[in-house]
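Step one of this worksheet: look at the structure below.
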Amino acid sequence: MIKQLLATIWRFFDVIFFTISMIFINIFAFSFGNRWGFLSIAITSFLVALASELLAYQMKGGNE
């Protein structure tokens with residue numbers, strides 16, 4: 001059971017780490033002010049959209 005849980009977490013480790021790092025980057029940017037925070041959210045949103053498009057392209061999804 002625990003090995004199965006760890007194997008599942010390990011498969012999604014990159015996604016989990018990316019999500020956690022983006023959260024902390026956004027919090028850090030908001031410490032400089034609202035403008036920097038909103039700019040950080042915009043950049044984060046762009047990166048997530050780009051990553052999902054690249055993943056869909058590699059998996060040949062959404063091309064039909």
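Counting only protein heavy atoms and a 1.4 Å probe, tell me what percentage of the chain's accessible area is made up of carbon and sulfur.
The value for the chain is 74 percent carbon and sulfur by accessible area.
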> How much accessible area per residue does the chain have, in Å², with a 1.4 Å probe?
Replying inline: 94
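The values are calculated or read from the model by the stated rules, or taken from the named source; none is laboratory data. Source: prediction; values computed, not measured. Ligands, DNA and RNA are excluded from the accessible area calculation, which covers all protein heavy atoms including side chains. Shrake-Rupley method; radii C 1.70, N 1.55, O 1.52, S 1.80 Å.
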